[in-house]
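One structure is given here, and the rest of the page talks about it.
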Amino acid sequence: MENIYMDRVLSGDIDAFRYFIKTYKDMAFSIAFSIVKDEQYAEEVVQDAFMKAFNGLKKFHRKAAFKSWFYRIVVNESFLRLRSIKKDRKMISIEEQSDAIMEVQFEEITESHGAKIHKVLSLMEPKESLALELFYLQELSINDMMQITGWSKGNTKVILHRARKSLRHIWKQMS
Amino acid sequence: MENDKLEFKDDFITSVLKHSDRKELLDDFENALMDTVHTSYAYKKVITGILKKSMFYFFTAILLIGLFSLVVILDRSIFKSLAAVVPVIVLFFSILGSVVFFTNYKRFFQSVLW
């Protein structure tokens, strides 16, 4: 199915690209958000990633699935954006981070369960929340994760372990 | 693969993540993005057209200079005098120039387009 749309785009039917946007925009947004932790930035990342995919469609050899190829672009774009964000404002120190947790704890009383989880994820390391996003929400295999992130198998597993531990830890602190 | 799934099976994490508030991108985003795609495509088409045209003129000019030099060389029986060497030098520098020009041009357009 995707190949048909790809062929249509490559033959000049630009509107066929809407199919890819419709299919992948939300998942791409979740992945970008898990890394950059900001909705505005995540939206920009998704937009840039789609533009890159559109411009690079000719170079895509279709050996892998479009999904993996596109998510890889999203992940790379997100980390690039994260680097520029970090340059703009210095990274939050560990102390500030724990302050943020306290703040979240206070806000929690009035906030929904979903919003609380959202905040827990935003307090996690980008790599860790990305790993959780890909494995538990997108239900990708370790091999798919390796393709998308460029991590080794061992590294992927270590990050997943750390991510689970870290989520539980922040969750406990907030409850 | 199944082993990996089992190794990391965690109902708590799964339920926590699945209950997170997730923002979904609206149709406005989709439309805006499609507009950008259309604009970019049209721009790329125009630029490619200009690039192709200018490349064509440039290489035609180079070819003509080369042919002219060749005719002059043949006409004056090769390297008989210093005057005969000049077209060879012109030809050499024209080719060199075209290669440098082409590389820079390509790089410039790549950086502008994507």
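Taken together, the values in this text are just the output of simple stated rules run on the coordinates, not laboratory data. As the structure is a prediction and not an experimental result, all values here were calculated from the model. As a convention, Cβ positions derive from the backbone with ideal geometry for all residues, glycine included, and neighbour counts pool all protein chains shown.
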Quick one: what are the phi-derived ³J(HN,Hα) couplings along the stretch B:52-61, Karplus 6.51/-1.76/1.60 with θ = phi - 60°, whole Hz, x for glycine and proline? 4, 4, 5, 4, 4, 5, 5, 6, 5, 4
Looking only at lysines whose Cα falls under 24 Å of residue B:52's and that sit 8 or more positions away or on another chain, we get A:52, A:58, A:59, B:44, B:106
When the Cα centres of the stretch A:1-52 and the stretch B:1-60 are compared, how far apart do they sit, in Å? 3
What spacing in nm lies between the two simple spin-label points modelled at residue A:68 and residue A:11, each 7 Å away from Cα in the Cβ direction? 2.8
Sequence gap at least 6, Cα distance under 8 Å: using those rules, report the relative contact order of chain A to the nearest whole percent. 24
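Calculate, for residue B:51 and residue B:3, the FRET efficiency according to 1/(1 + (r/R0)^6) with r their C-beta to C-beta distance and R0 35 Å; round to the nearest 0.05.
The computed FRET efficiency comes out at 0.10.
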Structure-based [θ]222 nm, chain A - -39500 (n - 2.57) summed over DSSP H runs of at least 4, per residue, nearest 500: -24500 deg cm²/dmol
What is the set of long-range amide H partners of residue B:8 at a cut-off below 5 Å, with H atoms built 1.01 Å from backbone N? none
I'd like the Karplus ³J(HN,Hα) series for the stretch A:121-129: coefficients 6.51, -1.76, 1.60, θ = phi - 60°, whole numbers in Hz, and an x wherever there's a Gly or Pro. 5, 6, 8, 7, 4, x, 5, 5, 5
So, in nm, how far is label residue A:18 from label residue A:86 when the simple model puts each one 7 Å beyond its Cα toward the Cβ? 4.0
Name the residue, out of A:148, A:21, A:159, whose mean-square fluctuation peaks in a Gaussian network model built on chain A with Cα pairs under 10 Å. A:21
Output ³J(HN,Hα) for the stretch A:49-63: one whole-Hz value per residue in order, computed from phi by the Karplus curve 6.51 cos²θ - 1.76 cosθ + 1.60 with θ = phi - 60°, and x for Gly and Pro. 5, 5, 5, 5, 5, 4, 6, x, 4, 5, 7, 6, 8, 6, 6
Just want to confirm a number: the relative contact order over the stretch A:1-91, from Cα pairs under 8 angstrom separated by 6+ residues, in percent. 30
Taking chain A as a Gaussian network, where each spring joins two C-alpha atoms under 10 Å apart, which residue of A:67, A:22, A:86 fluctuates the most? A:22
Suppose each label sits 7 Å from its Cα in the direction of the beta carbon; what would the residue B:64-residue B:92 distance come out to in nanometres? 2.5
Taking a label point 7 Å from the Cα of residue A:155 along the Cα→Cβ vector, which residues of the stretch A:40-81 have an amide N closer than 20 Å to it? A:68-81
